[in-house]
Amino acid sequence: MADPELYPADIHHEHASLAVTERPLARAALMALAFGFLAIFLLLPLVVVFEQAFSRGIGAFFEAINEHDTLAAIRLTLLVAVISVPLNLVFGVAAAWAIAKFEFKGKAFLITLIDLPFSVSPVISGLVYVLLFGTASLLGPWLKLHGIVILFAVPGIVLATVFVTFPFVARELIPLMQEQGTGDEEAALSLGANGWQTFWHVTLPNIKWGLLYGVLLCNARAMGEFGAVSVVSGHIRGLTNTMPLHVEILYNEYNAVGAFAVASVLAGLALVTLVLKTLLELRYGAEIAATRGH
Amino acid sequence: MEVRVSNVRKEFDRFPALRDVSLDIRSGELIALLGPSGSGKTTLLRLIAGLERPTRGTIFFGDEDASNRTIQERNVGFVFQHYALFRHMTVADNIGFGLKVRPSAKRPTKAEIRRRASELLDLVQLSGLEKRYPAQLSGGQRQRVALARAMAIEPKVLLLDEPFGALDAQVRRELRRWLREIHDATGHTTIFVTHDQEEALELADRVVVMSQGRIEQIGTADEVYDTPNSPFVYGFIGESSSLPVKVEDGQVWISDRPIGLTAPELPDGEATLYFRPHDIELLDECNGCIAGTVAASRRVAGTRRVELEIGGGRERIEIELPVGHPAAQKSRVAFRPKRWKVFPKPVEG
Amino acid sequence: MTTAPAKAGWRFRQPSVIPGFGLTLGFSLAYLTLIILIPLSGLVWRSASLGWSDFFAIATDRRTVKALEISFGTAFIAAAINVVFGTIVAWVLVRYRFPGRRVIDAMVDLPFALPTAVAGIALTTLYSPKGWMGALLAPLGIKVAYTPLGIVIALVFIGLPFVVRTVQPIIEEIDKEVEEAAATLGANRFQTIFLVLFPGLAPAVVTGFALAFARGVGEYGSVIFIAGNLPYVSEIAPLLIVIRLEEYDYAAATAIATIMLALSFLMLLVINLIQSRTRKRYG
Ligand SMILES: Nc1ncnc2c1ncn2[C@@H]1O[C@H](COP(=O)(O)OP(=O)(O)OP(=O)(O)O)[C@@H](O)[C@H]1O
Ligand SMILES: [Mg+2]
């Protein structure tokens, strides 16, 4: 589906039947509406980010980036992604294996639970950890006694990020592996491979592009998450500020160039993600599960 | 309504799907378009319906150039191969759709539409299924709903693209007879596409045989079967055997012997002889005949097929004999086709 | 596959030769419980321990009610706008060929990929009175930034891909012959689209609407910059949760979060019901 060349040829054929297309005027009007809408709502915001970032010249841009707190925010964002993406990757593969390769009771319910974080407001995703680990919680006093700091520190940020990016890899792999069935694995096992060898040499090559796709989306969200992280971070400059949070602080301090400079780095990341995602869809459309989005 | 297709050519991306097709269809006629896959049958049907525009040529409805009319105005009933029923509408709504979308001046009342729908359902023998959705019908029932829907607009021409293509053999045969009855009852000019020759020959007033975007022959079932006018039609309709021959002075020769057939109108040179395997007479002595050694013989239903090697074992042909005919036991058989045709070898290039 | 006759009665899983079921399911369940279920049930437990009267007091607090109204109201309007334009965008992307189509198609996912805070400050700059769009609209007397209209704009941005990506595959699947059938029966293009095609698209459109709406209700990052955050006017529910948290009013934060969750789930439930019903009928 991802590859437009695979669409049924006749619908899009130059000689598409007279019955299935609009009059030229209606066509033009619809295209104008669509392009206008996309230009105003998607293109303009993107352009503004870069325009503002470089509004004082390239020097000001690099000055803004090359600032102590900004660099700390970049490091923290990378650290958070490096921890939370692999965690969800392992979970996604394990969950997809259990769900796609076996038949068991309550499977549909389990899939619903995995999707749960998508329907929870990011703020609530952060809130639940505040309620769990905060001073007023059951665990709070115990944590304090043992000197374990979770909230307003890196562990809390990682937890909140793991929460919001939880479904990405799993929901990409589950439909893909369900479609592929168990035939390949059964063949490998019958040839004497053990479970681990079967996964490594048979299953993994089958799902690698879908896996990469899921990781890509997971990573984009992990680096860009704002609401959940904002609730648990405590906003300590240079310590618990991720890039999106740093954008907020700079913006609220009326440091537009600084805010947009950091924002443009994030926007660049988003563009890279989109390009990679599109390339993956074009080249390996069939090997990526049909689910797109989120 | 007469339909006249005049010198029509249709190209898709320069690829000619139809090359210079002309066809006159009389009012009330039931016509079959018959041909192998890709021969342009559907394309011709869609051009008549107005779903495509010809690259060259004209289609006339009566005396009027149909290209002046939009699809909506042509008033053709089109039955698609996969029925194309509207899934979210009941059977009754499907059938009434064509009436419902008429401009308000010509639109019947709701009650009238409902009445017409149930009349048509009676006609296609589906009374009582008004409230069903297409998903709740069998293939044969969907086919009938599609036909009823097309007939609801009182079309001038009824076009059916492989109407029975997706059904099993039993249902096909039933619907075939039933379509003929409906056609005789309503008198619509009807064109249907098929690649099942039995269907075409049995059902149609005239059969249009198509190949590679051209019309090979137009004629009644008897005409296209008994007097095929091209090697293609000979090979495509019914069974045929063919042999390379030579024509000299109006005589047909196989290697160095005349075989007792004359083709005075043909020029001298290489040619091919076509005949039906069953349409032969056996000869006792060979005085101008085709003779061959029996290579194989097998029983096919009520007859025996005998494979003969002609002329030093290079050419093999089949003839058909009654079961138990003594000739089948012999090692050498001589025969002459009763009905046959010789086509000159097409010039290379 | 084992050939032993299937034992009658309840069985947790079908037998299989493939190894690793216990390990992968066990790990998945443990991880799911630790990361998602325990924290979420903590929220529910906290809110249950509030007591009915406290909960009721918070829930009917005027500022809470107003914030919920604003969140759900703006999300509804934005989702409605996205249904119209998202369907048009999906239609144009599927049906028309034009240079740069692939790029535009890819661009539709931008709101998924762009961090919400970035979108937030970009939209605010764009629609502030001195911004490109703001300056354009100011003479017409339309103020976007720091008003509820700004919230709608941000939520339109956030929700667009949900509608496009649910409707697009359904448009791709439309059987061309169905449209042709409608045309030969005399329907004009308008009638074909509204009587024949839209009913088929409706379930996807409703799903897209629901996804965009649900996302809009919970959205925080892109909204707080442009909204102005005036209590009773442009303060959204997620922001009120944050404010209550900063005031260490955990009770209020918990109650508002619970109401939001309950309303969202209720809505998704209804939508699922509608969908399964249409699916059953039309097959
Ligand atoms: N929209 C189109 N674009 C390009 N080529 C087409 C199109 N429609 C038909 N063709 C080509 O035109 C030729 C004739 O097609 P057509 O569908 O008329 O054949 P047909 O006789 O109906 O075959 P079948 O029995 O398989 O249905 C084919 O080679 C086909 O590939
Ligand atoms: Mg065809």
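Identify, by number, the condition in (1) crowded, with 20+ Cβ neighbours inside 10 Å; (2) within 25 Å of residue A:226 (Cα to Cα); (3) of a type outside the set (S, T, N, Q) that residue C:92 doesn't meet.
All conditions are met except number (2).
Which of the residues that make up segment C:157-214 are in contact with a helix residue (DSSP H, G or I) (Cβ under 6 Å, 6 or more places away or on another chain) and among the basic types (Lys, Arg)?
Scanning segment C:157-214 gives a single hit, C:176.
Could you list, in sequence order, all residues of segment B:179-235 that are among the acidic types (Asp, Glu) and within 16 Å of ligand 1 (Cβ to nearest atom)?
Hits for segment B:179-235 are B:196, B:198, B:199, B:216.
Exactly one of these conditions fails for residue C:186: (1) at negative phi; (2) more than 13 Å from the chain's Cα centre (by Cα). Give me its number.
Here residue C:186 meets the rest and fails (1).
The conditions are (1) crowded, with 17+ Cβ neighbours inside 10 Å; (2) in a helix (DSSP H, G or I), and residue A:109 fails exactly one of them. Which is it?
That leaves (1) as the condition not met.
Any idea which residue in segment B:291-301 is nearest to residue B:335 (Cα to Cα), counting only those that are in contact with a strand residue (DSSP E or B) (Cβ under 8 Å, 6 or more places away or on another chain) and small (Gly, Ala, Ser)?
B:291
Residue by residue through segment C:251-265, note down the ones that are more than 7 Å from chain A (Cβ to nearest Cβ), without any contact (Cβ under 8 Å) to a residue 60 or more places away in the chain and over 15 Å from residue C:209 (Cα atoms).
C:262
Which of the strands (runs of 3 or more DSSP E) contained wholly in segment B:148-231 include at least 1 residues that are among the polar types (S, T, N, Q)?
Correct list: B:189-194, B:206-211, B:214-219.
Condition check ((1) touching a helix residue (DSSP H, G or I) at 6+ places or on another chain (Cβ under 7 Å); (2) more than 16 Å from ligand 2 (Cβ to nearest atom)) across all residues:
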{"site": "B:92", "(1), (2)": "yes, yes"}
{"site": "B:101", "(1), (2)": "yes, yes"}
{"site": "B:112", "(1), (2)": "no, yes"}
{"site": "B:142", "(1), (2)": "yes, yes"}
{"site": "B:149", "(1), (2)": "yes, yes"}
{"site": "B:152", "(1), (2)": "yes, yes"}
{"site": "B:158", "(1), (2)": "yes, yes"}
{"site": "B:164", "(1), (2)": "yes, no"}
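Please give the number of the condition residue B:141 fails out of (1) modelled with pLDDT of 90 or more; (2) within 26 Å of residue B:40 (Cα to Cα); (3) not acidic (Asp, Glu).
Going through the list (1) modelled with pLDDT of 90 or more; (2) within 26 Å of residue B:40 (Cα to Cα); (3) not acidic (Asp, Glu), residue B:141 breaks only (2).
To keep it simple, each residue is scored yes or no on (1) under 30 Å from residue A:196 (Cα atoms); (2) without any contact (Cβ under 8 Å) to a residue 40 or more places away in the chain; (3) facing chain A (nearest Cβ under 10 Å); (4) surrounded by 14 or more Cβ atoms within 10 Å (Cβ to Cβ).
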{"position": "C:19", "(1), (2), (3), (4)": "yes, yes, yes, yes"}
{"position": "C:26", "(1), (2), (3), (4)": "yes, yes, yes, no"}
{"position": "C:29", "(1), (2), (3), (4)": "yes, yes, yes, yes"}
{"position": "C:47", "(1), (2), (3), (4)": "no, no, yes, yes"}
{"position": "C:53", "(1), (2), (3), (4)": "no, yes, no, no"}
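Residue by residue, here is whether (1) assigned to a helix (DSSP H, G or I); (2) modelled with pLDDT under 90; (3) assigned by TED's automatic domain parsing to the domain that holds residue B:106 holds:
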| position | (1), (2), (3) |
| --- | --- |
| B:38 | no, no, yes |
| B:46 | yes, no, yes |
| B:60 | no, no, yes |
| B:72 | yes, yes, yes |
| B:77 | no, no, yes |
| B:86 | no, no, yes |
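All but one of (1) away from chain C (no Cβ under 11 Å); (2) over 26 Å from the mean Cα position of the chain (by Cα); (3) small (Gly, Ala, Ser) hold for residue A:106, so report the exception by its number.
That leaves (1) as the condition not met.
Go through (1) more than 8 Å from chain C (Cβ to nearest Cβ); (2) modelled with pLDDT of 95 or more one by one and return the number of the condition residue A:37 breaks.
Unmet condition: (1).
For segment B:11-42, what are the residues that are over 15 Å from the mean Cα position of the chain (by Cα) and either within 16 Å of ligand 2 (Cβ to nearest atom) or within 14 Å of chain A (Cβ to nearest Cβ) (or both)?
B:11, B:12, B:13, B:14, B:15, B:16, B:17, B:18, B:21
Evaluate segment A:138-150: report whether one residue or more is buried (at least 17 other Cβ atoms within 10 Å of the Cβ) and within 9 Å of chain C (Cβ to nearest Cβ).
Looking for residues that are buried (at least 17 other Cβ atoms within 10 Å of the Cβ) and within 9 Å of chain C (Cβ to nearest Cβ), one finds none in segment A:138-150, hence no.
Output the number of residues of segment A:112-122 satisfying the condition of being buried (at least 24 other Cβ atoms within 10 Å of the Cβ) and either under 19 Å from residue C:45 (Cβ atoms) or more than 7 Å from every other protein chain (Cβ to nearest Cβ) (or both). I'd like the intermediate steps shown before the answer.
The first filter runs over segment A:112-122 and keeps only residues buried (at least 24 other Cβ atoms within 10 Å of the Cβ), leaving A:120-122.
From what is left, the residues that are either under 19 Å from residue C:45 (Cβ atoms) or more than 7 Å from every other protein chain (Cβ to nearest Cβ) (or both) are A:120-121.
Residues that pass the stated criteria total 2.
Checking residue C:37 against (1) at the interface with another protein chain (Cβ under 8 Å from one of its Cβ atoms); (2) over 26 Å from residue A:170 (Cβ atoms); (3) without any contact (Cβ under 8 Å) to a residue 60 or more places away in the chain: exactly one of these is not met. Which one?
(2) is the only condition that residue C:37 fails.
Any chance segment B:251-269 includes a residue that's of a type in the set (Phe, Trp, Tyr) and farther than 30 Å from residue B:194 by Cα?
Yes - at least one qualifying residue is present in segment B:251-269.
Mind checking whether some residue in segment C:14-23 is at pLDDT below 95, assigned to a helix (DSSP H, G or I) and in contact with a Lys or Arg (Cβ under 8 Å, 6 or more places away or on another chain)? Talk me through it step by step, then tell me what you get.
First, the residues of segment C:14-23 that are at pLDDT below 95: C:14-23.
Now narrow it down to the ones that are assigned to a helix (DSSP H, G or I): C:21-23.
With the extra rule that they be in contact with a Lys or Arg (Cβ under 8 Å, 6 or more places away or on another chain), the set shrinks to C:21.
Yes, segment C:14-23 contains at least one residue that is at pLDDT below 95, assigned to a helix (DSSP H, G or I) and in contact with a Lys or Arg (Cβ under 8 Å, 6 or more places away or on another chain).
Looking at (1) over 22 Å from the mean Cα position of the chain (by Cα); (2) outside any strand (DSSP E or B); (3) within 16 Å of ligand 1 (Cβ to nearest atom), find the lone condition where residue B:52 falls short.
If we test residue B:52 against (1) over 22 Å from the mean Cα position of the chain (by Cα); (2) outside any strand (DSSP E or B); (3) within 16 Å of ligand 1 (Cβ to nearest atom), just (1) comes out false.
Tell me which residues, restricted to segment B:43-57, are touching a Leu at 6+ places or on another chain (Cβ under 8 Å) and either touching a residue at least 24 places away in the same chain (Cβ under 8 Å) or within 16 Å of ligand 2 (Cβ to nearest atom) (or both). Let's see the steps before the verdict.
From segment B:43-57, those touching a Leu at 6+ places or on another chain (Cβ under 8 Å) are B:43-45, B:47-54; that's our starting set.
Those that are touching a Leu at 6+ places or on another chain (Cβ under 8 Å) and either touching a residue at least 24 places away in the same chain (Cβ under 8 Å) or within 16 Å of ligand 2 (Cβ to nearest atom) (or both): B:43, B:44, B:45, B:47, B:48, B:49, B:50, B:51, B:52, B:54.
Within segment B:264-344, which strands (runs of 3 or more DSSP E) (wholly inside it) include 1 or more residues that are over 22 Å from residue B:250 (Cβ atoms) and more than 34 Å from the chain's Cα centre (by Cα)?
Per the criteria, B:290-300, B:332-337.
If you go through segment B:17-48 one residue at a time, how many are in contact with a Lys or Arg (Cβ under 7 Å, 6 or more places away or on another chain), within 13 Å of ligand 1 (Cβ to nearest atom) and not β-branched (Val, Ile, Thr)?
Residues flagged as in contact with a Lys or Arg (Cβ under 7 Å, 6 or more places away or on another chain), within 13 Å of ligand 1 (Cβ to nearest atom) and not β-branched (Val, Ile, Thr) within segment B:17-48 amount to 6.
Just to be sure before I move on: is residue B:93 over 30 Å from residue B:202 (Cβ atoms), surrounded by fewer than 20 Cβ atoms within 10 Å (Cβ to Cβ), within 11 Å of another protein chain (Cβ to nearest Cβ) and within 16 Å of ligand 1 (Cβ to nearest atom) in the structure I sent?
Numbers: over 30 Å from residue B:202 (Cβ atoms): yes; surrounded by fewer than 20 Cβ atoms within 10 Å (Cβ to Cβ): yes; within 11 Å of another protein chain (Cβ to nearest Cβ): yes; within 16 Å of ligand 1 (Cβ to nearest atom): no.
Answer is no for this residue.
Give me the residue from segment B:115-171 that is surrounded by fewer than 15 Cβ atoms within 10 Å (Cβ to Cβ) and under 21 Å from residue B:199 (Cα atoms) and, out of that set, farthest from ligand 1 (Cβ to nearest atom).
Looking at residues that are surrounded by fewer than 15 Cβ atoms within 10 Å (Cβ to Cβ) and under 21 Å from residue B:199 (Cα atoms), I get B:170.
The values are calculated or read from the model by the stated rules, or taken from the named source; none is laboratory data. Just so it is clear, the structure is predicted and the values come from calculations on it, not from any experiment. Ideal geometry is used to build each Cβ from the backbone, glycine not excepted, and the neighbour counts take in all protein chains shown.
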